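Where a number appears in this text, it was derived from the coordinates with a stated rule and is not lab data. Quick caveat, the model's predicted, so the values are computed rather than measured. Don't worry about glycine lacking a Cβ; one is built from the backbone with ideal geometry, like all the others, and counts go over all protein chains shown.
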Amino acid sequence: MSLDISVINDQGSAQLRIVGEVDMYSSTQVRRALLELVKQKQSPVIVDLNEVSYMDSSGVATLIEGLQMCGEYGGTLLIVGLRDNVREVFELTRLDKIFKIYQNIEAAMAR
Amino acid sequence: MINIEGMERRISFMTKTIELHLTSDPPLLSVMRAAVSKVCELADFEHMETSKIILAIDEACSNIIKHAYKGKSGQSIIITCKIKPTRLEFILEDEGEPADIEKIKSRPLHEIRPGGLGVYLITSVMDKVKYSFGVDRGNRLYMSKQRPKDKTT
């Protein structure tokens, strides 16, 4: 099982689109892609989770790391499109209060 | 004369047991999740509760791979699922390094940093969580969750 990850760069901002299940096996792929965008000091980094059907604590940990690294250069990391079961993980860990979460890319871009 | 209704009732009161054997290979976690989803379906859990139970079992298996087996693949993980009349039970057994009970704790949620959330998720989702350890090797994790009241047989 592997993830499908694509990146769209647009004038300093970046969209990271993830398709599949994010667990301890696949979260390393997300981490690699996210670190690359952070290295380029992109902002905002918009992580599109619309097509993510499962996420465990390793996926959440990767996003926390990305959020903190974006903060180091004054950038922002935004999350869009949480499915109910993935939103539940954010709510259980109270990270829904930490991340800026939007319904879709348009809402995140218009923030 | 055979009381069919009574017989069906006795059968439905029996514990149904499903045993899953997997090795400590992270790509197998998706297979485990699919199996646990089916078990939850058999125990009448609805979609959101099923998702949370899958998350708890996945976190427990990930911890076994990371901590008991230190990332070493090919090692044994046995998941015994018991559908009992009022609750669903999971028993996870490994032959890895016994965990240090002092280290099995989640980080405080107000500390925003990567990691340390697996144990918190397990204890948040399941009603009962109990760890036991072997002297030299092996860990056993018991977890249970009350079945939906209106559907228990």
Self-check item: Alpha carbon centroid spacing (whole Å) that separates the stretch A:65-106 from the stretch A:4-26
Solution: 13 Å
Practice problem: Springs between alpha-carbon atoms under 10 Å, Gaussian network over chain A: tell me which of A:I46, A:I64, A:I98 tops the mean-square fluctuations. | Solution: A:I98
Quiz prompt | Cα gyration tensor of the stretch A:4-109 - equivalent ellipsoid semi-axes, whole Å, descending | solution = 19, 14, 14
Quiz item: Given the convex hull over the Cα atoms of the protein assembly as shown, what projected area results after averaging over all orientations, in nm²?
Solution: 16.6 nm²
Quiz item: For B:M14, A:M55, what ranking results if the residue with the fewest other Cβ atoms within 10 Å of its Cβ goes first?
Solution: B:M14, A:M55
Exercise. For the stretch B:38-84, run through the GluC sites (Glu not before Pro) and keep only the ones in DSSP coil with at most 15 other Cβ atoms within 10 Å of their Cβ.
Key: B:E46
Practice problem: May I ask you to sort B:D58, A:D10 by Cβ crowding, counting other Cβ atoms within 10 Å and putting the fewest first? | Solution: A:D10, B:D58
Quiz item: Could you put B:Y69, B:Y142 in order, starting from the residue whose Cβ has the fewest other Cβ atoms within 10 Å?
Solution: B:Y142, B:Y69
